[in-house]
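To start, the structure itself, in structure tokens.
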Amino acid sequence: MTTPSSNEPANSDLAYQEEILQGVSRTFALTIPQLPDKLRDVVGNAYLLCRITDTIEDEPSLSAGQKRAFAERFAEVVAGRAEAESFARELGALLSSSTTPSEHDLIANTVRVIRIASGFNTAQRGALERCVRIMAGGMAEFQQNATPDGLNDVPHLDRYCYYVAGVVGEMLTELFCDYSTEINARREELLPLSVSFGQGLQMTNILKDVWDDWDRGACWLPQDVFLAAGFDLRSLSPGQADPGFIKGLSELVAIARRHLANALRYTLIIPAHETGIRRHCLWALGMAVLTLRRIHATPTFSSGQEVKISRRSVWTVVVVTSALARSNLALKFLFGTLTRKLPSS
């Protein structure tokens, strides 16, 4: 798909945004349409900005220095201090086949995504710019030091999760607060929980994708947790059945479970009548809980596909949480039931 001229109607850009969301994330393409009309476009745009940043991080043909340069440059593009066309052209020329066709298309159409972002209000633009700036800097830092031997410790894991997901939670909270004075009144409660919400989702992904990351020469597991359990991450290999590895994995499942409990607390603070925002949060939370259950039940898995939840499970989450979206009591009971067999920290 070719980049359009700058005078193409805005609704064409929004149609492109909706279309490309389907290609780069089935999950967000499912959850974002649940949001109120006034949030849908800005949250969809925010996700695409983050996806462009992720694409830079994930591209194996780029050196750590190139990733840092492109990430920092993209932050300037989002802030309006650099132009999108040359950024897209130069990055696109370096992307390999490891980057999906949809992501290639997204990079080629960066100008359309940025054009949509430029039309948001001051608070919305500020939230997007802050998120991309922090994410770009943090990802570059961790990519520079990525090894298959893991992160040093849990505080390093916390920092990594903040850069790639916690800051996204903060951004979404700022957007929700801009949308609703009722939500804004609970802003100080929501912000720390939003970071924990993001970390719960990210830790679930880290555990699910541990072997895919390991194949790429990266590992985001914390060494201290596994050393305390009697396992050295330098011995990591797919299908690991070492008791120390399984114990360490169980500890991380417990930490992720605690963060997902905070995700539920966050969701229950959202007014019950804001069912669209609640569904957006609950669907992501529900899918993470079911994935965490599969990881815990199959600790010797050797591929993310082995613990990926089925399409039927996804639709079960959608139907059940949607039916219970207004009831805090029912949602607490459901979460407790689904996480009962998970370890707790």
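The values are calculated or read from the model by the stated rules, or taken from the named source; none is laboratory data. Since the structure is predicted, the reported quantities are computational estimates derived from the model, not experimental observations. Because the Cβ atoms are built from the backbone with ideal geometry, glycine has one as well, and the counts that use them run over all protein chains shown. We work out accessible area using only protein heavy atoms, side chains counted, and drop any ligands, DNA or RNA first. Shrake-Rupley method; radii C 1.70, N 1.55, O 1.52, S 1.80 Å.
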>> Looking at (1) touching a helix residue (DSSP H, G or I) at 6+ places or on another chain (Cβ under 8 Å); (2) modelled with pLDDT of 95 or more, which one does residue 302 not meet, given that it meets all the others?
In response: (2)
> When you go through (1) closer than 21 Å to residue 110 by Cα; (2) part of a loop (DSSP other than H, G, I, E, B) one by one for residue 171, which number turns out not to apply?
Replying inline: (2)
> How do the pairs read when you match residues in segment 12-28 that are under 26 Å from residue 202 (Cβ atoms) with residues anywhere that are part of a helix (DSSP H, G or I) and at pLDDT below 90, using Cβ under 6 Å and keeping only pairs 6 or more apart or on different chains?
Replying inline: 21/29; 22/29
>> Quick check on my filter: what residues within segment 221-236 are open to solvent by less than 30 Å² (accessible area, probe 1.4 Å) and at pLDDT 95 or above?
In response: 221, 222, 225, 226, 229, 231
>> Going by what's in this entry, would residue 312 be described as farther than 22 Å from residue 250 by Cβ, open to solvent by 60 Å² or more (accessible area, probe 1.4 Å) and assigned to a loop (DSSP other than H, G, I, E, B)?
In response: no
>> With the structure loaded, tell me whether residue 272 is open to solvent by 50 Å² or more (accessible area, probe 1.4 Å), of a type outside the set (Asp, Glu), over 18 Å from residue 168 (Cβ atoms) and part of a loop (DSSP other than H, G, I, E, B) or whether it fails that test.
In response: no
> Can you name the residue in segment 143-163 that is without any contact (Cβ under 8 Å) to a residue 60 or more places away in the chain and part of a helix (DSSP H, G or I) and, of all such residues, is farthest from residue 53 (Cα to Cα)?
Replying inline: 155
> Which of the following residues is within 14 Å of residue 204 (Cβ to Cβ), open to solvent by 40 Å² or more (accessible area, probe 1.4 Å) and either among the acidic types (Asp, Glu) or at pLDDT 95 or above (or both): 260, 324, 338?
Replying inline: 338
> Checking residue 173 against (1) within 17 Å of residue 262 (Cβ to Cβ); (2) open to solvent by 10 Å² or more (accessible area, probe 1.4 Å); (3) of a type in the set (S, T, N, Q), which test does it fail?
Replying inline: (2)
> Restricting attention to segment 324-345, and to residues there that are part of a helix (DSSP H, G or I) and small (Gly, Ala, Ser), which single residue is farthest from residue 297 (Cα to Cα)?
Replying inline: 330
> Does any residue of segment 69-85 turn out to be more than 19 Å from residue 20 (Cα to Cα), free of Cβ contacts under 8 Å to residues at least 12 places away in the same chain and basic (Lys, Arg)?
Replying inline: yes
